[in-house]
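Remarks on the structure that follows.
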Amino acid sequence: MRIGILTGGGDVPGLNACIKAAVSRVAQEGHSVLGIRRGWAGLLECDPDDPASRSACVLPLDPGVVRTIDRTGGTILHTSRTNPGKVEASEVPDHLRDSEHARGDGPFDLTAPVLAVMEKLGLDAMLPIGGDDTLSFALRLHTEGVPVVAIPKTMDNDVHGTDYCIGFSTAITRTVNFIHQLRTSAGSHERLAVVEVFGRYSGETSLVSAYLSGVERAIISEVPFDVERLASLLMEDKGSNPSRYAMMTISEGAKLVGGERVEGGAADPYGHRKLGGVGQVTGELLKELTGEGIIY
């Protein structure tokens with residue numbers, strides 16, 4: 001059996017270690033692994049009949065190749081956010097431009113060409129490592145009859161049906177360290193501090209970081225918040241703190257009551273626009289309501 005392995009979406013610590021563990025176990029079972037470069041883009045852009053294209057898109061893996069990769073971060077297979085099920089006309093690979101699958105204005109569903117590439121590469125199963133977006137196309141392949149074993153990877157820890165995702169613990173550790181460092185400025189200047197963290201739909205990063213770092217309040221993606229009530233609570237927190245400051249975390253996907261997520265830019269191939277800015281928006285509103293100095 002030959003298994004294809006790839007990484008998609010954002011890079012997190014632990015990806016290379018995961019690749020190494022998977023390759024070692026597959027080899028022990030007497031099977032082979034073919035690494036797919038740049039996530040699903042590798043299968044979409046690969047022309048198996050072109051040796052140069054094939055070399056650029058795939059990398060044979062064995063225990064010798066992956067022996068030391070866990071000593072570095074990121075992913076040796078590289079990554080992308082490509083969604084073969086929804087490809088804009090400008091993103092269609094050259095060797096598919098005149099095919100029956102890419103006629104019209106797009107976007108195009110190029111799942112069929114991906115399946116054809118997998119067949120030519122001799123792939124019997126796929127082992128994708130990624131979050132909701134990467135694994136959503138893995139689900140599509142599953143519905144097409146491809147055996148799939150998915151490994152959840154996301155700093156948000158929000159892949160449905162799993163308890164723990166690669167990258168979550170590092171996101172929490174670094175957020176807690178940052179919050180502790182920020183305490184110096186917040187305490188010295190007697191301010192309120194707003195720390196925006198990852199989490200489009202899941203508030204686990206905000207909630208767990210707040211709990212472990214001991215900040216006063218946590219706003220999560222799942223529950224819209226009343227900024228006036230938040231301001232009142234933070235002022236109570238500050239008043240009861242001998243050092244005269246208060247801190248809070250907020251998920252990037254958090255919404256004010258009656259409001260929308262703070263997003264910007266064009267949507268990616270999975271329909272998501274970039275998040276970011278709710279911490280600043282909340283900080284400015286808190287400043288207006290309390291008259292306090294805010295760090296955000």
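The values are calculated or read from the model by the stated rules, or taken from the named source; none is laboratory data. In this text, all values refer to a predicted model and were calculated from it rather than measured experimentally. Cβ: placed from backbone, ideal geometry, glycine included. Neighbour counts: every protein chain shown.
Please work out if residue 258 is surrounded by fewer than 13 Cβ atoms within 10 Å (Cβ to Cβ) and at pLDDT below 95.
Spelling it out, residue 258 is indeed surrounded by fewer than 13 Cβ atoms within 10 Å (Cβ to Cβ) and at pLDDT below 95.
When the range 197-218 is examined, which residues are found to be assigned to a strand (DSSP E or B) and buried (at least 24 other Cβ atoms within 10 Å of the Cβ)?
First, pick out the residues of the range 197-218 that are assigned to a strand (DSSP E or B): 197, 217-218.
Matches in the range 197-218: 197 only.
In the range 128-167, what residues are without any contact (Cβ under 8 Å) to a residue 24 or more places away in the chain, within 23 Å of residue 209 (Cβ to Cβ) and outside any loop (DSSP other than H, G, I, E, B)?
Residue satisfying the conditions is 152 alone.
This table checks each residue for (1) in contact (Cβ under 8 Å) with a residue 60 or more places away in the chain; (2) of a type in the set (Gly, Ala, Ser); (3) over 16 Å from residue 226 (Cβ atoms).
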| site | (1), (2), (3) |
| --- | --- |
| 250 | no, no, no |
| 253 | no, yes, yes |
| 260 | no, no, no |
| 266 | no, yes, yes |
| 272 | yes, no, yes |
| 279 | yes, yes, yes |
| 285 | no, no, no |
| 290 | yes, no, no |
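Starting from residues that are modelled with pLDDT of 90 or more and crowded, with 22+ Cβ neighbours inside 10 Å, keep the ones in the range 155-170 and report whichever is nearest to residue 22 (Cα to Cα).
Result: 166.
Only one of 206, 243, 251 is of a type in the set (Gly, Ala, Ser) and over 15 Å from residue 296 (Cβ atoms). Can you tell me which?
243
Can you find, within the range 194-251, the residue that is modelled with the highest pLDDT among those that are within 17 Å of residue 167 (Cα to Cα) and charged (D, E, K, R)?
Going through the qualifying residues, I end up with 204.
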